[in-house]
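Visitor: One structure, pasted below without further comment.
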Amino acid sequence: MRPETYDLVAALPDDDLPAYVYDLTGLREHVRGIRAALPDRVELLYAAKANSDPRILRTLAGHVHGFEVASGGELDHVRAVVPGAPVAFGGPGKTPQELSRALDAGAERLHIESEHELRLLIALLGDRTVDVLLRVNLPVDVGRVALAMGGGPFGMDPVQLDRCLRVTETVPGIRLRGLHFHLASGLQAMPHLLLVDKVLAWAGSWARDRGVDLREVNVGGGMGVDYTHPARRFDWPVLGAGLGRILARHPHLTLRIEPGRSVTAYCGWYVTQVLDVKFSRARAYAVLRGGTHHLRTPAAKQHDQPFEVIPDDSWHRPWDRPQARDEPVTLVGQLCTPKDVLADRIMIERLRVGDRVAFAMAGAYAWNISHHAFLMHPRPTFHHLDGDGEGGGDDGDGPPVAGDTYARLTS
Ligand SMILES: *Cc1c(COP(=O)(O)O)cnc(C)c1O
């Protein structure tokens, strides 16, 4: 945690807890580093579904080429928050309304997932022109990764790709710029490069055999984030250097990447407080304000969320302060389910009722994937730490949820 973040976390009034704290200054440094590591012919898009907090999007806007959105809600939200930023619309199961909306909004790219979707788009196109990438479900071995995105309902098999190619060739308004792949999630830099190399070799020979002028390949996101080692971040310089070598073999190609998690995971903190410490059947539990209904990440990914303890020495009760010392402690939330575990049996020097706990790496797939309504506990408050102020003004205390904004914009 940067010292400025620590000061903010320690100074939050108890009534503000649980709180999400987004370190926009840290985020800006991080995305600058990513951009600097990438060769010129690599365009960086941010996958908005990782975290679509308005001030996060505005902070990123100056440092990325554009945003990848995966629904009509995200499309409208990104349009409203960062007007004018290029938007690529992907994701399975696009409705006719969403496709129309993308055409009306002038989406910079549409990532087409199937022949049916392509035909729907053409039916809605009229005399407009749209740039598309066809998403390919390439059968490649991605090794032992956290999540293989290929082989499922995403994109199309090479046979259907050829059918789509023939369809696009008959409709002048559909400009086929290239192919899209998002085949794996959780890869570190070297295996990621091997995958990109395979994908581009395949795409190149596919295009050559069919006389397609392949201008662009989007190789997706999925850059690895290691929750067991918060300090060991994805090696962007290694990826950038490797992409440079690969691109030298593809002189006319622009490469796109669209990471989400690896961009924003580190800027977010979920800050809460110990409500109770107890011992049951030889195990120590710290019950925290909030829980996985605010931070579902550890439950979704089945990991221990890393955290820091911020001691609070103000104890005014006339009885002994409950505490755990030099022992493994399980950190749970307020939900009435044994699954509400944020970190399981972690060795802790000292944890007392009233101490604060700041969960790290809560900036991606955290608040926005959580089941907020379960048990009707109050929502967390939101705070943005912003040295340079590119993130724009404060949006008040209301939780920035894409769905809420979408509802407001469309109601
Ligand atoms: C979710 C998603 C991403 C972002 O993945 P991360 O693991 O967050 O980097 C990029 N592209 C597509 C198509 C996705 O579905």
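The values are calculated or read from the model by the stated rules, or taken from the named source; none is laboratory data. Keep in mind that what you see is a predicted model, and the values were worked out from it rather than measured. Don't worry about glycine lacking a Cβ; one is built from the backbone with ideal geometry, like all the others, and counts go over all protein chains shown. Areas reflect the complete protein model, heavy atoms only, side chains present, ligands, DNA and RNA absent. Shrake-Rupley method; radii C 1.70, N 1.55, O 1.52, S 1.80 Å.
Visitor: Per residue, how much accessible area does the stretch 38-259 show when a 1.4 Å probe rolls over the protein heavy atoms, in square angstrom? Intermediate results must be reported in sequence, preceding the final value.
Guide: Numbers: 8980 Å² over 222 residues.
Averaged over the residues of the stretch 38-259, the accessible area is 40 Å².
Visitor: So, one more: Modelled label-to-label distance, ASP162 and THR129, 7 Å Cα→beta-carbon offset: nm?
Guide: Spacing of the two 7 Å Cα→Cβ label points: 3.0 nm.
Visitor: I've got another one for you. Label the chain by shape, choosing from rounded, prolate and oblate, from the square roots a ≥ b ≥ c of the eigenvalues of the Cα gyration tensor; if a/c is under 1.5 it is rounded, and otherwise prolate applies when a/b is larger than b/c, oblate when it is not.
Guide: Prolate.
Visitor: Ok, one more. Could you report the accessible area of ASP40 in Å², rounded to 10, computed with a 1.4 Å probe on the protein chains as they sit in the structure?
Guide: Only protein atoms counted, so the area is about 150 Å².
Visitor: OK, next. On a 21 Å Cα-Cα criterion, which of the cross-link pairs LYS49/LYS198; LYS301/LYS339; LYS278/LYS339 come out too long?
Guide: Long pairs (Cα-Cα over 21 Å): LYS49/LYS198.
Visitor: What size of dipole, in debye to the nearest 20, comes out for the stretch 88-237 about its Cα centre when the only charges are +1 on Lys and Arg C-beta atoms and -1 on Asp and Glu C-beta atoms?
Guide: That gives a dipole near 100 debye.
Visitor: Let me have the 222 nm mean residue ellipticity of the chain computed from DSSP H runs of 4+ only, each contributing -39500 (n - 2.57), with the sum over all residues rounded to the nearest 500.
Guide: Helices in the chain give a 222 nm mean residue ellipticity of -9000 deg cm²/dmol.
Visitor: Quick check on packing: order 242-253, 72-83, 196-207 by the mean number of other C-beta atoms within 10 Å, highest mean leading.
Guide: Highest to lowest by the protection proxy: 72-83, 196-207, 242-253.
Visitor: Quick one: of the DSSP bridges fully inside the stretch 266-408, what percent are antiparallel, nearest 5?
Guide: On the way: 22 of 26 bridges.
Among the beta bridges of the stretch 266-408, antiparallel pairing accounts for roughly 85 percent.
Visitor: Can you give the angle from 0 to 90° between the axis of helix 236-248 and the longest principal axis of the chain, with both taken from C-alpha atoms, to the nearest 10?
Guide: 10
Visitor: For the chain, take the longest principal axis of its alpha carbons; what is the angle in degrees between that and the long axis of helix 24-37, to the nearest 10 within 0 to 90?
Guide: For 24-37 against the chain, the angle is about 40 degrees.
Visitor: Local charge sum around GLU43 (other residues, Cβ-Cβ under 15 Å, Lys/Arg +1, Asp/Glu -1)? The partial results should precede the final answer.
Guide: Values: positive: ARG35, ARG41, ARG109, ARG177, ARG215, ARG256; negative: ASP40, GLU68, GLU108, ASP131, GLU216, GLU258.
Residues near GLU43 contribute 0 overall.
Visitor: I've got another one for you. Residues of the stretch 209-251 with the amide nitrogen closer than 19 Å to a label point 7 Å from the Cα of ARG2, along Cα-to-Cβ, please.
Guide: Correct set: 230-234, 236.
Visitor: Need the full-extension length gain, THR170 to GLN302, defined as separation in residues times 0.36 nm minus the C-alpha distance. One decimal, nm. Mind dumping the intermediate values first?
Guide: Values: separation 132, 0.36 × 132 = 47.52 nm, distance 4.78 nm.
That pair, THR170 and GLN302, stretches by 42.7 nm at full extension.
Visitor: Please report the carbon-and-sulfur percent of the accessible area for the stretch 266-408; probe 1.4 Å, protein heavy atoms only, DNA, RNA and ligands left out.
Guide: Numbers: 3570 of 7050 Å².
The nonpolar share, carbon plus sulfur, comes to 51 percent.
Visitor: Taking the chain as the reference, fit the longest principal axis to its C-alpha atoms, fit the long axis of helix 115-125 to the helix C-alpha atoms, and give the angle between the two in degrees, 0 to 90, nearest 10.
Guide: Once rounded, the angle reads 80 degrees.
Visitor: Sort the stretch 1-89 into rounded, prolate or oblate with this rule: let a ≥ b ≥ c be the square roots of the eigenvalues of the Cα gyration tensor; rounded if a/c is under 1.5, and if a/c is not under 1.5, prolate when a/b is larger than b/c, oblate otherwise. Before the final figure, lay out each step's value.
Guide: Details: a/c = 3.14, a/b = 1.48, b/c = 2.12.
Note, shape of the stretch 1-89 comes out oblate.
Visitor: Relative contact order, percent, of the chain when contacts are C-alpha pairs under 8 Å separated by at least 6 residues?
Guide: The value is 21 percent.
Visitor: Which shape class applies to the stretch 38-259: rounded if a/c is under 1.5, otherwise prolate when a/b exceeds b/c and oblate if not, where a ≥ b ≥ c are the square roots of the Cα gyration tensor eigenvalues? Mind showing how you got there, number by number?
Guide: Values: a/c = 1.64, a/b = 1.16, b/c = 1.41.
The shape class here is oblate.
Visitor: Also, I was wondering about something else. Please report the antiparallel percentage of the DSSP beta bridges confined to the stretch 38-259, to the nearest 5.
Guide: In the stretch 38-259, approximately 5 percent of DSSP beta bridges are antiparallel ones.
Visitor: Considering only DSSP beta bridges with both partners in the chain, what is the antiparallel share in %, to the nearest 5?
Guide: Taking every DSSP beta bridge within the chain, about 45 percent pair in antiparallel fashion.
Visitor: By how many nm would the segment from ALA241 to ARG325 grow when fully extended, if each residue of separation counts as 0.36 nm and the alpha-carbon distance is taken off?
Guide: Value of the extension gain: 25.6 nm.
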